[in-house]
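Here is the structure we will look at, set down as structure tokens.
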Amino acid sequence: MTSKKQRSRSLPSSTRRTRKIGSPKKESQPQEVALANVKDDFSKYLRLAAGKEIVITCHGRPAGVLIGFETEDDWFDYRLENHPEFLQRISESRLALRRGMGIRLENLDSSAGKEDLAVTKARRRI
């Protein structure tokens, strides 16, 4: 029988596990990383940021947050949720609903939408 070769812990190529295999996974907390480390290995932290936020610290104090996106849809959602014009329109719509103006989506009849679509298509033909 041959034994498996073990990596030396003193070599930089050796990996340390942060948790034992089979241990319960903890809630994803933002990881704090010094700015110097992020500058040295930005691509690594960008990949990590796709799964959780990375808090960048400067002299031990939080200085920024690195947020990654797993998919293009995540990027689109982030842009939409943080776009000032979109947020303004949502705020105005909520205010109009509180004043009794507008129609809630729950109150829309599914056939009414089809009729509106037919009218819109007819107008385009003219």
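The values are calculated or read from the model by the stated rules, or taken from the named source; none is laboratory data. Source: prediction; values computed, not measured. When we count neighbours, we look across all protein chains shown, and the Cβ atoms used for this are built from the backbone with ideal geometry, even at glycine.
When the range 63-74 is filtered for residues that are surrounded by 11 or more Cβ atoms within 10 Å (Cβ to Cβ) and under 26 Å from residue 105 (Cβ atoms), only 74 remains.
Among the residues examined, residue 90 does not qualify as closer than 20 Å to residue 41 by Cα, β-branched (Val, Ile, Thr) and free of Cβ contacts under 8 Å to residues at least 60 places away in the same chain.
For (1) over 24 Å from residue 29 (Cα atoms); (2) modelled with pLDDT of 90 or more; (3) over 32 Å from the mean Cα position of the chain (by Cα), each residue gets a yes or a no:
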site	(1), (2), (3)
60	no, yes, no
71	no, yes, no
106	yes, no, no
115	yes, no, yes
125	yes, no, yes
